[in-house]
Amino acid sequence: MFRCFCFKHEKIHLNYFHVRRISSSPAGGASAAGLPEPAEEARSQAVVDLVRIQMGYWDIPEGSDCVQKTWITTKLGTALGLVGSAYHMVAVQPDSALAAVQRATNGTVTMAALGAIFGMSTCLSAQIRDAPDDPLNYFIGGCASGIFLGAKTHSAMTGTSACLGLGTLAFFTKVGKMEGWRVAGPPKL
């Protein structure tokens, strides 16, 4: 996957470990010795740092950097928990401000834990099984998250159904990503 950040006179194409500069300025953006000028070098480093910050879950290779992948899924789970808690509070009005805070905290922490469990178990299963791109790793991560829901509710039936449901959803998400399935957007012609 290439990302392009365009400045006034140059384009910088970035791949995971490869940086290539293409200059469109007449002078070439380089000194007489062929080396980049200090301002250009600083700008290139700033773009590389920006890309490193903006890397998403799918940009990190499977089975590597488990802490970063877990952090990303935890943030996503937290955001979904906050949104879900807000909708729940609008739909079912709490009796007091304390009840609202407790409800929001409970939903947000639960979703953050689900994200963390999914991210860590998916990454660790990819490392242990030595099959990084296998969709079964995602099923294992989804199932582990479902088991957590069952333990939280003290219900084996909830845990079993959540394990199968979340595992299947995660499995098909990975298969769809590998095969290029599209849920929304313009059709491919």
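The values are calculated or read from the model by the stated rules, or taken from the named source; none is laboratory data. All values reported here derive from a predicted model rather than from experimental measurement. All Cβ positions, even for glycine, are placed from backbone atoms using ideal geometry, and neighbour counts span all protein chains on display. Note: areas computed on protein heavy atoms with side chains; ligands, DNA, RNA excluded. Shrake-Rupley method; radii C 1.70, N 1.55, O 1.52, S 1.80 Å.
Would region 123-145 turn up any residue that is open to solvent by 20 Å² or more (accessible area, probe 1.4 Å) and hydroxyl-bearing (Ser, Thr, Tyr)? No - not one qualifying residue is present in region 123-145. Would you please name the residue that is modelled with the lowest pLDDT, looking only at residues in region 165-186 that are of a type in the set (Val, Ile, Thr) and surrounded by 14 or more Cβ atoms within 10 Å (Cβ to Cβ)? If we take residues in region 165-186 being of a type in the set (Val, Ile, Thr) and surrounded by 14 or more Cβ atoms within 10 Å (Cβ to Cβ), then Thr173 is modelled with the lowest pLDDT. Quick check on Ala162: is it over 17 Å from Gly63 (Cβ atoms) and at pLDDT below 95? Taking the combined requirement at face value, the residue does not satisfy it.
Among the residues of region 126-159, those that are under 22 Å from Val175 (Cα atoms) and in a loop (DSSP other than H, G, I, E, B) comprise Asp130, Ala131, Pro132, Asp133, Asp134.
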